[in-house]
Amino acid sequence: MVSGSAGRELRKVARVIVLDPDDRILLLHGMEPDDPSDDWWFTPGGGLEGDETREEAALRELAEETGITGESVRLGPLLWRRECSFPFAGRRWDQDEWYYLARVDRETAAAAAVADGLSELEKRSMMGLRWWTYAELSATRETVYPTKLAALLGQLLEEGPPISPVLLETERV
């Protein structure tokens, strides 16, 4: 197992790049729990629980955070992997993140909302969600993680999923 900062074990995380039929990407709007001015956009997902696989965690997290479940979502290939480290809620998080592609239909996209399955920390730090076009994501001055998501999305939309997962640069915030 790879270690994070100060020799801590990396938290295993599954994230989802959710695209609707118009190739808009779903991002969650988060903030530091005690400082709403410190905010950012990020992909749905989170840490593995128990002995679940990354795919199982991706689908569970998607349901917990957005209400998107079951037959309405098609989990596709593993797109990207990255290690990251960031401060949040008074501690440093060191993560090994795997990003999966998921497609949803229009009806599912329209029904996506911050769901009831959030942890207490998520309830205190999540402000909403939004569907972004590639153009909007490329033009925004808001903070988005991973930081190169707009370029990655552009490449995904132009070339399709990679043959094998792409290892992204490590990000430390």
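Arrange the residues Tyr145, Tyr134 by how much accessible surface each exposes, largest first, with a 1.4 angstrom probe. Could the numbers behind the result be given before it?
Numbers: Tyr145 60, Tyr134 100 Å².
Accessible-area ranking of Tyr145, Tyr134, largest first: Tyr134, Tyr145.
For the chain, modelled as a GNM with alpha-carbon contacts under 10 angstrom, which of Gly67, Gly117, Gly50 fluctuates the most?
It is Gly50.
Return a whole-number percent for the relative contact order of the chain, with Cα pairs under 8 Å and 6 or more residues apart as the contact set. Please list the in-between numbers first.
Details: 327 pairs, mean separation 53.2, N = 173.
For the chain, the relative contact order is 31 percent.
Using a Gaussian network for the chain with springs between C-alpha atoms less than 10 Å apart, which of these wobbles most: Ile163, Ile25, Ile68?
In this elastic network of the chain, the residue with the biggest mean-square fluctuation among Ile163, Ile25, Ile68 is Ile163.
Indicate, rounded to the nearest 5 percent, the antiparallel portion of the DSSP beta bridges found entirely in the chain. Display every interim value, and only then the final one.
Numbers: 29 of 44 bridges.
That works out to approximately 65 percent antiparallel.
In the P(r) worked out for the stretch 31-74, what percent of Cα pairs fall beyond 11 Å? Can you show the working numbers first?
Working: 655 of 946 pairs.
Summing the P(r) of the stretch 31-74 above 11 Å gives 69 percent of all pairs.
Which whole number in µm²/s is D for the stretch 69-173 by Stokes-Einstein, with the Kirkwood Rh taken over Cα pairs at 37 °C and 0.692 mPa s?
Working: Rh = 15.9 Å.
Answer, rounded: 206 µm²/s.
With a ≥ b ≥ c taken as the square roots of the eigenvalues of the C-alpha gyration tensor of the stretch 73-112, please select rounded if a/c is under 1.5 and otherwise prolate if a/b is larger than b/c or oblate if it is not? Don't skip to the answer; put the middle values down first.
On the way: a/c = 5.81, a/b = 1.80, b/c = 3.23.
Taking the square roots of the gyration eigenvalues as a ≥ b ≥ c, the stretch 73-112 is oblate.
Report P(r) for the stretch 13-146: all Cα-Cα distances, bin width 5 Å, range 0 to the bin holding the largest distance, values in whole percent.
Result returned by the calculation: 2, 10, 20, 25, 23, 14, 5, 1.
With the crude spin-label approximation of a point 7 Å out along Cα→Cβ, what separation in nm comes out for Met127 versus Arg91?
2.5 nm
Of the beta bridges DSSP finds with both residues in the stretch 71-125, what % are antiparallel, to the nearest 5?
Numbers: 13 of 13 bridges.
Once the DSSP bridges in the stretch 71-125 are tallied, antiparallel ones form about 100 percent.
May I ask for log10 I(q)/I(0) of the stretch 40-103 at q = 0.13, 0.22 Å⁻¹, from a Debye sum over the Cα atoms as equal point scatterers with solvent left out?
After summing over all Cα pairs, the log10 values are -0.38, -1.03.
The values are calculated or read from the model by the stated rules, or taken from the named source; none is laboratory data. Given the structure is predicted, the values throughout are model-derived calculations rather than measurements. Every residue, glycine among them, receives a Cβ derived from its backbone with ideal geometry; neighbour counts consider all protein chains shown. These accessible areas exclude ligands, DNA and RNA; they are computed on the full protein's heavy atoms, side chains included. Shrake-Rupley method; radii C 1.70, N 1.55, O 1.52, S 1.80 Å.
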